[in-house]
Amino acid sequence: MKGIVFTEFLDMVEQKFGYEVVDQIIEESKLDSNGIYTAVGTYPHSEVVTLLMNLSDKVNIDPGALLKEFGKYLFDTFLASYPQFFAAVDNAFSFLHSIDNHIHVEVLKLYPDATLPKFISHETEDGAMIMTYMSERKMAALAEGLIEKSLAYYKEECTIQTENLKEDGSEVRFTIKRIS
Amino acid sequence: MNELEILQRKLNRERLARKQAEQILETKALELFQANDSLKKLNESLEDQISQRTKDLQESESKYRNVIDQAADIIYSTDENGYFTFINPRGSDAFGYTVEEIIGTRFIDFVIDEHKTGLYEYYTKIKKGGVANDYYEFPIRSKDGQIHWIGQNVNRVEVPNGDFYFNAVARDITLRKNTEKELDHTRQALQQSEVKYRSVLENMDLGLMEVDNKGIIVRVYEKFCQMTGYSPKELIGKDAIETLIVKDYEDVLRTQDKNRLERKSSVYEARIRRKDGKEIWVLISGAPFYNTEGEVSGSLGIHYDISDRKNLEANLEIAKEKAVKAQRAEQQFLANMSHEIRTPLNAIIGMSHLLKDSELDDKQIEFIEILSNSANLLKGLVSDILDISKIDSGMAEMNETAFDLSELAYRLIKTFGIRAEERSISIVSNIDCKGKSIVESDKQWLNQILINLLGNAIKFTKEGQIELTIKHISDTKSYSTYYFEVSDTGIGMNPEELKKVFTAFKQANTQVQREFGGTGLGLSISSRLVSLLGGQLEAESVMNEGSRFFFSLQLKSSSATHSMPKRISDFSTRIAEGIKLLVVEDNQMNQKYILSLLNKWDIDYDIVDDGLQAVEIYKTSTYDLIFMDLSMPVMDGYEATGIIRKLPGKQIPIIALTASTFLSKKELALQSGMTDFLAKPFTPDDLSLMIEKHIGTSVAIAKETGDTFAYDVTLDTKYLDEIYGNDYVYALDMFSIYQDMIIDEVNQLHTFAEGDAYADVKKQAHKVKPVFSMVGLTHLTVLSEQIESLVQEKKTKDVKRMCEELKNKVTLSMPTIEAEIQRLRNMTN
Ligand code: HEM
C-alpha cells in the first residue's frame, strides 16, 4: 500500500483525535515499520488495517465509519494534489466513471507497485449509476466516503445504496440515484 | 512530561520518515542517472552505426559501378533530348562503337530507319505523359552494319530542379526475335492450312462455329450462316445456346460445353431454331480448341444438317407403325375367321358322322367320306393357321408344368402305333432319360411338336420304320439338356426342298400336297414352337432314303421328381389327407368350380370372398397353400398377399388365380409375394398339378366311368370334356349357375359401356371372362378379353360396339345353354 494512504490516515487521526491518539495506536500496534511512513514509500496493507482496528478500539467508533471518514478526508487531499482529474469532467457520474477508466490508470503509471481496486460502472435506463467495487483489500467504506465527497463536490444530491455482493466485503455494489 | 515524550517521538518519527524519503528519492535519482547514461550510450552507438552504413553504402556504390561495367545488360543514360551521357562497356560492344564515340551522339541515330518515327513518338509520349518506367523493343544497326534487336527498360529520372534524364537497361534480344519470327511463319502456315481445312469442311456442307469458354459465339463460317439463316454480325457475341438451340436440347448442349472444358470432344444430335423460326436437326461434332499456352479457350462445332434423314426416320417409324397395325389387324382377322369357320365346320363334321350312321347306298357313303375328310382337313388347316398367327403375334404364352417325358413318349407311340399299323410301317421309341424324365416345360407345345413331326413322318413314309428318340444329354445345376429326334425311311427331300421346309405355306411341292394332303403348316409351327422353348429345329434328308428332324432343349429339372404321379393310370388312390387349403375368390362360378374339385379329391379347405377376409381367417387357422384371386372387391389379392407375407409364421405357397393373360400381371403377383400363377380358366389337371407341385402330395384323380355325354357341337366340347370329365352332375351345376347369373352380368357390362364408365367396363369384362369358358362358350371369353384390351387402348367406340355384340351373342346362345341343362339333367337323373 502506498505511503500516502498511511501519512494521510495518520494526519486525519491527528486532526480529529490529537497526536496523542496517533502515538498510542502506533505504539500499541507493534508494526514492522515502527509507524514511520513517507508518502513516496510502500508498506504492507496489513499495517493500515492494524492501525484502523486499534483506533476503533480506542475511540469506540465502528472501523467502517472511520474508514468512510478517511475517504472523505482523502478526497480533499486528492483534490488539492490532482486538480486536473476533477477539471476533466463536469459532473459526478462522469467523474466516478473516470476512476477506473482514467484516474487509477494514471496512478498506476506513476506508481507501478500500487494496489488499486477494480470498479465496474454503468448507468441504468432510469438514470441511476451502478458502481461495483472489487478488491481483496475490502475497503469499500473508503470508496463510499470518496464517492460522497465527489457528489458533494459536483453539487449533486444523490442517495447511495450499498449492497455486499460477497460476504467478506471484497465485492460491493453502490447504487447512486440523483434526487430530483 | 508525557506530552513532551510524545512530541519527541513525533519529531523522531518525522525525522526518520524524512530520511527514509531521502533515501528513496536518492535511489530514484540514481536510477534516473543510470537511465540517462545508457540513453547517451545508445545515441553514441547510433552515430557509429550511421557512419558505418555510409561507408558500406559507398563501398556498395563502387561495387555497383563495377557491376554496371561488367554487366551482361546494356546500361546507359541520355539527357532529355536523347543524347548519350553514359554507356557501359557491354553497350559499346553491342553498338560496335567505343564509349567515347557514343557519348554525345543521339540515341535515335542508331535505330534503323523504319523504326525511327515509332521510337520518336514513344519518347515524346514518355516525356509528355511523365511515364516513369516502360519497356520497348526496337532494332539498331551496329557499326559493322548488323541489325540487333534491343529490348529496353527505360526510367525517366527527375532532377530536383524539374529537369529530367533517362536511365535505361537494355538487352540484346536478336536471338529471341529471330525465333519469334520463325514461329510466326509456322503459325501463319498453320493458320493457312487451317483455313484451307475449314474451307474444305465448309464445302462439304458442314457449318462451322466457334464459341469461347462461356459459350459466346466468337466466329462463324459462311455455311453455318446459311444453315441458320443468320448473318455473322447477328451471331458473333451472342450466347450460342440461347440464340440457336431449341429449348429441349439446351441441357444436352450444356453438358457438351462442360465436356469441352474437360478437353473431351464428342458427336451428338440437337435441334437448332433458324432465324426464320424453322427448326432443323443437326449432327454436331464438337471439339475443344487451345490457345498457345495449351489451355482450352473455346470449342469448335461442326454442324451437319440431318433434317432430311430425321424426317425420313420419322416417316419410316410411321410406316412401320402402320405396318405393325395392319399386321395386327390381319392376325386379329385370322384369329376371328378361324374361329368363325371352326364352329360351322364342327357342325358339318358332326352331321356327316350322324349321316354315316343312317341307311345309305355306297355312292352316298363315298360322298360322305369325302365330305368328312375335306371338313377334317379344313378344320386342321384352320387350327394350324390359328396357331401360327398366335405364335407370330406373340400371343402364345408358355405354360410351364411338370411332366414325365417318358410318359409323353409312351402316349405318342401308342397313338401313332395304330396309324402306323394301318400302313404296315413300324414305329419304335428310343427313350433314354437316365432316370431324369420329369421336367418342367410347356407340355402342350412339346406334345404338339412331336405330334407334327411324327404325323409328318407317317405321311411321307410308305414302308420301313419311324423312330422317336429322346435322350438325356447333360446336366447343370437346375437344368438338363435333352435331345429329340424323329427319323423316317420315307421319300425324303432334295436340298432345294429341304431349305424351304420350315417356311409357312411352302410345302415341298404342289405335287406332294396333292398326293399326301395336309396343310404344310405343321413343320413351320413345330419350328416356331421349338424356338419358343429355346431350341432350334433342324432337318437332314436324303432323297428316297428318308428324313431326320431333330432338336435339343434345355429343360428345367423338376423338383417334384419323386412325387410325380402317373397320370395315365385308369384308377387311383388319393393321398391328400391332412392338408388344408384356403381359397380366396369372389366369383361365384369359380368358387363353385374349385370347391367341387376339392370336394371330389377330399381336400379340406376354407373359402372366403375377398382379401380382407382372407387376412382375418389366415390369422386364426393354419393352411398348407392359398389360392388367391387377384382382382377382388374390398381388398385385392396383391394387397392381401403383402399383408399375409408380413405376418409371422411359415411362408406357405400362395398361388395367384387370374383370367389375365398379361405377363405383367404375373410379375406383379410374384413381386407382391406370391409363389406361382394359375391362369383361369384352368382344368382339374392344372389345379391338381399346382397343388402337387407346391405341397408335394399327390392328388390323383379317380377316373370315372359310365355313359358319355356329347356336348352341343357349337360349344367347345374338348374343353368341357377336359374340365368336367365324366362328372356331369358337376357340369349341370355349373351350367345352371351360368344360366342364373349371366344375363344380369352382361346387362351390367352393357350399362357401364353406355354410361362411359370404362374402368367399370374393364372390371366387369374381366369378371365374366372365365365364366363363358365354363359352359364351353370359349369365343365369348375371347370377346370379353378383347373388350378389356380395347378399354386399355381407349377405343371407346369399339368398346361400346363389342359390349353390344357380347350381349346379343349371350342372348342368342341362351337357348343352347338351356337345352344343354335339360339334356344334362336327363342324363344325371
Ligand atoms: C484524483 C483522484 C484519485 C487518485 C489520484 C487516486 C489514487 C489512489 C491511490 C494512489 C491509491 C493507493 C493505491 C495503493 O495504496 O497501492 C488509491 C486507492 C484507492 N482508491 Fe483511489 N484515487 C482517486 C480517486 C478515487 C475515488 C474517487 C475513489 C472512489 C470510488 C477511489 C477509490 C479508491 C480505493 C477504494 C482505494 C483503496 C485500494 C483498494 O480498495 O484496493 N479513488 N487511489
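The values are calculated or read from the model by the stated rules, or taken from the named source; none is laboratory data. Since this is a predicted model, take the numbers as computed values, not measurements. Neighbour counts are summed over all protein chains in view; Cβ atoms, including those assigned to glycine, are modelled from backbone coordinates with ideal geometry.
One residue stands out in region A:1-43 among those that are at the interface with chain B (Cβ under 9 Å from one of its Cβ atoms) and at positive phi: the one that is surrounded by the fewest Cβ atoms within 10 Å (Cβ to Cβ), namely A:Asn34.
Would it be correct to say that B:Tyr165 is in contact (Cβ under 8 Å) with a residue 24 or more places away in the chain and in contact with an Asp or Glu (Cβ under 6 Å, 6 or more places away or on another chain)? Against the criterion (in contact (Cβ under 8 Å) with a residue 24 or more places away in the chain and in contact with an Asp or Glu (Cβ under 6 Å, 6 or more places away or on another chain)), B:Tyr165 qualifies.
Scanning region B:633-642 turns up one or more residues that are more than 19 Å from B:Pro684 (Cα to Cα), in contact with a strand residue (DSSP E or B) (Cβ under 6 Å, 6 or more places away or on another chain) and free of Cβ contacts under 8 Å to residues at least 40 places away in the same chain. A:Ala39 fulfils the conditions (1) part of a helix (DSSP H, G or I); (2) touching a Gly at 6+ places or on another chain (Cβ under 9 Å) except for a single criterion, (1). Having 3 or more residues that are under 40 Å from the mean Cα position of the chain (by Cα) is the bar; report the strands (runs of 3 or more DSSP E) wholly within region B:395-455 that clear it. So the answer is B:401-404, B:438-441.
Out of A:Ala140, A:Ala128, one residue alone is away from every other protein chain (no Cβ under 14 Å), surrounded by 16 or more Cβ atoms within 10 Å (Cβ to Cβ) and more than 12 Å from the ligand (Cβ to nearest atom). It is A:Ala128.
What number of residues in region B:617-632 are of a type in the set (Phe, Trp, Tyr) and free of Cβ contacts under 8 Å to residues at least 40 places away in the same chain?
Residues that pass the stated criteria total 1.
When residues in region B:7-26 are screened for being under 17 Å from A:Asp32 (Cα atoms), more than 8 Å from every other protein chain (Cβ to nearest Cβ) and among the aliphatic types (A, V, I, L, M), 0 of them pass. Looking at region B:74-82, can you tell me whether even one residue there is surrounded by fewer than 13 Cβ atoms within 10 Å (Cβ to Cβ) and either in a loop (DSSP other than H, G, I, E, B) or without any contact (Cβ under 8 Å) to a residue 12 or more places away in the chain (or both)? Yes, region B:74-82 contains at least one residue that is surrounded by fewer than 13 Cβ atoms within 10 Å (Cβ to Cβ) and either in a loop (DSSP other than H, G, I, E, B) or without any contact (Cβ under 8 Å) to a residue 12 or more places away in the chain (or both).
Only one entry in A:Glu148, A:Glu163, A:Glu157, A:Glu144 is out of contact with any Pro (no Cβ under 7 Å at 6 or more places or on another chain) and more than 20 Å from A:Leu79 (Cα to Cα), namely A:Glu163. Any chance region B:36-44 includes a residue that's within 14 Å of chain A (Cβ to nearest Cβ), modelled with pLDDT of 75 or more and part of a helix (DSSP H, G or I)? No. Of the residues making up region B:287-306, those that are touching a Lys or Arg at 6+ places or on another chain (Cβ under 9 Å) and polar (S, T, N, Q) are B:Thr292, B:Ser299.
Checking each residue in region A:143-172 for being charged (D, E, K, R) and either within 24 Å of A:Ser46 (Cα to Cα) or within 12 Å of the ligand (Cβ to nearest atom) (or both) picks out A:Glu144, A:Glu148, A:Lys149, A:Lys166, A:Glu167, A:Asp168, A:Glu171.
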